[in-house]
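See structure below.
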Amino acid sequence: MKIFQTNQFKKEIKKLHPNQKREVDVAVRAIVKDPDLGHPKIGDLAGVLVYKFKMVNQLTLLAYTYDHQTIILTLLALGTHENFYRDLKKSR
């Protein structure tokens, strides 16, 4: 499986502390094991899945797409719920 990161995702990862990065790595590994783990979105964000997990006792959302035919996982965005979907719509 190939994993790609968008620039928006890379910027968010750079801001994290090492312990937070480890928790994101655990979440990404869970998604790699089961790509349909996230909740599919509809409307403007059709085709995007969002996986929710706890990072330092705070709910964090990780948006991604997965193409079953080419086996490519694209990590789109990472952040808290506040303005997450609005910013994700702007970046698409």
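The values are calculated or read from the model by the stated rules, or taken from the named source; none is laboratory data. Computed from a prediction, not measured in an experiment: that's the story for all the values here. Cβ atoms come from the backbone with ideal geometry, glycine included; neighbour counts cover every protein chain shown. When the accessible area is computed, the model is the full protein with side chains, heavy atoms only, and any ligands, DNA or RNA have been set aside. Shrake-Rupley method; radii C 1.70, N 1.55, O 1.52, S 1.80 Å.
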Note, ³J(HN,Hα) from phi for region 3-16, Karplus 6.51, -1.76, 1.60, rounded to Hz, x at Gly and Pro: 10, 10, 10, 7, 4, 4, 5, 4, 5, 5, 5, 4, 7, 7
By accessible area with a 1.4 Å probe, ligands and nucleic acids excluded, highest first: order of Val50, Val28, Val56: Val56, Val28, Val50
Computed lengthening from Ile72 to His39, 0.36 nm per intervening residue step minus Cα-Cα distance: 10.1 nm
Distant-in-sequence amide H partners of Gln5 (H built 1.01 Å from N, under 5 Å): Leu75
Under Karplus coefficients 6.51, -1.76 and 1.60, residue-wise ³J(HN,Hα) of region 33-50 in Hz, glycine/proline x: 5, 9, x, 8, 5, x, 8, x, 9, 10, x, 4, 9, 4, x, 9, 10, 10
Dipole moment magnitude, nearest 20 debye, the chain about Cα centre, only Lys, Arg, Asp, Glu C-beta charged: 300 debye
Portion, in percent, of the accessible area of the chain that falls on carbon or sulfur, probe 1.4 Å: 50 percent
Relative contact order of the chain, pairs being alpha-carbon contacts under 8 Å that are 6 or more residues apart, as %: 31 percent
Average accessible surface area per residue within the chain, 1.4 Å rolling probe, Å²: 66 Å²
Column: log10 I(q)/I(0), Debye, Cα scatterers of the chain, q = 0.16, 0.21 Å⁻¹: -0.60, -1.08
